[in-house]
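Reviewing the structure listed below.
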Amino acid sequence: MKPTRSAFTDHQGQRARIGCAIAAAVAIAGCAGQPPAAAPPPPPSAAPPVEAAATAAAAPKASYPSMAPLEQYLIADRDAEIALARTAAPAKISEEATVYVLTRRGYEKVVEGKNGFACLVDRAWQSNFDDPEFWNPKNRSPVCLNAPAVSSILPIQFKRTELALAGLGREQILVRIKEAIAKKELGPPEVGSMSYMMSKQQYLNDGATHWHPHLMFYMPGDMNGSAWGANLPSGSAVYGGGEDLPGGGRLPSTIFFVPVPAWSDGTVAETHEHH
């Protein structure tokens, strides 16, 4: 996020290039009554929503060095984008959620929800600042955030989107985000902030495509993975934790990912299909 989203969060923004930072996979709980399934690979660096970016010292050469024409990031059919956004979480949640769609002016609320959740489709600029696919126009990352995350994480995602649509480059966006953090315009996540990223239709990046269904929990940006026992070579079902931004500093929040065994429509995820 992803994130994500929204990750800026960074999850938080987080995605500290979490995918590259984690050297070994961890096992996740198997289906009820079954032994644990093979662990999914680490989260892709462009996953949702709001992830903390790692330093850019060893960043690979970008395969998408600049923003593509805006039309490539937009979804012409508004109803299709609404439907895609809702695939992020189980129907019992997403059907009653507020929904946003991306327009030339930013995200626009098109459905007023009733349960405090908000669903939208993140684009690639919610990924880490050193991610080579930061401008990948194919990225479509549905995410549904709960009420605390809507209040504290969604503003970060909207800010990144605003800057991207204004034509700023990734380095300029990073500078503006750091300035907003310094002015306390963007702050830490509210207690209880989390989101669903369980869409079978998500396209997180060219390598991982839809990766694996997962939940994301937003924590203060100075919280490292060890606080959750995350990223261990074995015996852990959690990824994530605080990461440094290129040039120093951290985002106000970070993300911890917890893979789950099924997609939002109830079908079993690939690594569990043999159960």
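Read the figures in this text as sums done on the coordinates, not as results from a lab. It should be emphasised that the depicted structure is a prediction, and the values quoted were computed from it without experimental measurement. Don't worry about glycine lacking a Cβ; one is built from the backbone with ideal geometry, like all the others, and counts go over all protein chains shown.
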Ordering of 70-78, 90-98 by burial proxy (mean other Cβ atoms within 10 Å per residue, highest first): 90-98, 70-78
Radius 14 Å from Cβ of residue 138, net charge of other residues (Lys, Arg +1; Asp, Glu -1): -3
FRET efficiency, residue 92 to residue 72 (Cβ-Cβ, R0 25 Å, nearest 0.05): 0.15
Rounded to whole Hz, the Karplus (6.51, -1.76, 1.60) HN-Hα couplings of the stretch 241-253, x for glycine and proline: x, x, 9, 7, 7, x, x, x, x, 9, 6, x, 9
Of 156, 134, 103, farthest towards positive along the dipole that unit charges on Lys, Arg, Asp, Glu beta carbons give the stretch 103-195: 103
Alpha-carbon centroid distance for the pair the stretch 135-179 / the stretch 185-248, whole angstrom: 15
Among 140-147, 255-262, the order from most to least packed when residues are scored by Cβ within 10 Å on average: 140-147, 255-262
For residue 242, distant residues with modelled amide H under 5 Å away: 223, 224, 225
Peptides 113-122, 99-108, 158-167 ordered by average Cβ neighbours within 10 Å, highest first: 113-122, 158-167, 99-108
Histogram of C-alpha separations across the stretch 59-144, 10 Å bin width, %: 18, 44, 27, 10, 1
Restraint check, 114/178; 138/184; 114/200; 138/183; 138/200; 92/200, Cα-Cα greater than 27 Å: 114/178; 138/184; 138/183
Dipole moment magnitude, nearest 20 debye, the stretch 78-232 about Cα centre, only Lys, Arg, Asp, Glu C-beta charged: 260
